[in-house]
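K.L.:
This structure is in structure tokens; I'll ask about it shortly.
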């Protein structure tokens with residue numbers, strides 16, 4: 001089971017990274033690591049809305065308004081953690 005979750009984490013991260021690269025970085029995502037600060041560097045306030053919409057649609061989760069925080073959306077890693085938490089709670 002643990003190995004299965006790991007594959008899922010990699011898949012979630014890759015999809016989020018691909019989305020950010022295509023939508024905000026004009027296909028140039030080589031400098032986008034899991035710890036790159038997103039807010040102000042990659043996305044702005046409009047980008048936050050787009051990113052939240054993407055993860056909700058793609059992963060069939062509901063991100064509550066109070067979960068749209070700079071902590072949850074700070075990096076690719078934190079967005080992946082938010083998606084995983086939502087998927088587990090849906091479980």
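What follows is calculated from the coordinates using simple rules that are stated; it is not laboratory data. Everything quoted here is computed from the prediction, not taken from an experiment. Note that each Cβ is placed from the backbone with ideal geometry, even for glycine, and that neighbours are counted across all protein chains shown.
K.L.:
Using alpha carbons only, how many degrees (0 to 90, rounded to 10) separate the axis of helix 76-90 from the longest principal axis of the chain?
P.N.:
30
K.L.:
What is the fewest-to-most order of 12, 43 by other Cβ atoms lying within 10 Å of their Cβ?
P.N.:
Working: 12 21, 43 18.
Result, fewest neighbours first: 43, 12.
K.L.:
Sort 86, 77 so that the residue with the fewest other Cβ atoms within 10 Å of its own Cβ comes first and the one with the most comes last.
P.N.:
Least to most surrounded, the residues fall as 77, 86.
K.L.:
Shape call for the chain from the C-alpha gyration tensor, a ≥ b ≥ c root eigenvalues: rounded (a/c under 1.5), prolate (a/b greater than b/c) or oblate? Please list the in-between numbers first.
P.N.:
Details: a/c = 1.82, a/b = 1.27, b/c = 1.44.
Here the chain falls in the oblate category.
K.L.:
Using R₀ = 22 Å, calculate the FRET efficiency as 1/(1 + (r/R₀)^6) where r is the Cβ-Cβ separation of residue 39 and residue 88; round to 0.05. Numbers along the way, then the final one.
P.N.:
On the way: r = 25 Å, r/R0 = 1.13.
Result of the calculation: an efficiency of 0.35.
K.L.:
How long is the gain from residue 60 to residue 30 if the chain were fully straight, where each residue apart is worth 0.36 nm and the alpha carbon distance is subtracted?
P.N.:
Answer, rounded to one decimal: 8.0 nm.
K.L.:
Oh, and also: Counting helices only, and only those DSSP H runs with n ≥ 4, report the 222 nm mean residue ellipticity of the chain as the sum of -39,500 (n - 2.57) divided by its residues, in deg cm²/dmol to the nearest 500.
P.N.:
Helices in the chain give a 222 nm mean residue ellipticity of -19500 deg cm²/dmol.
K.L.:
Report the extension gain between residue 46 and residue 67 in nm, rounded to one decimal, defined as 0.36 nm multiplied by the number of residues separating them, less their alpha carbon distance.
P.N.:
So the extension gain works out to 5.9 nm.
K.L.:
Give, in nm to one decimal, the length gained when the segment between residue 18 and residue 74 is fully stretched (0.36 nm per residue of separation minus the Cα-Cα distance).
P.N.:
Full extension from residue 18 to residue 74 adds 18.5 nm.
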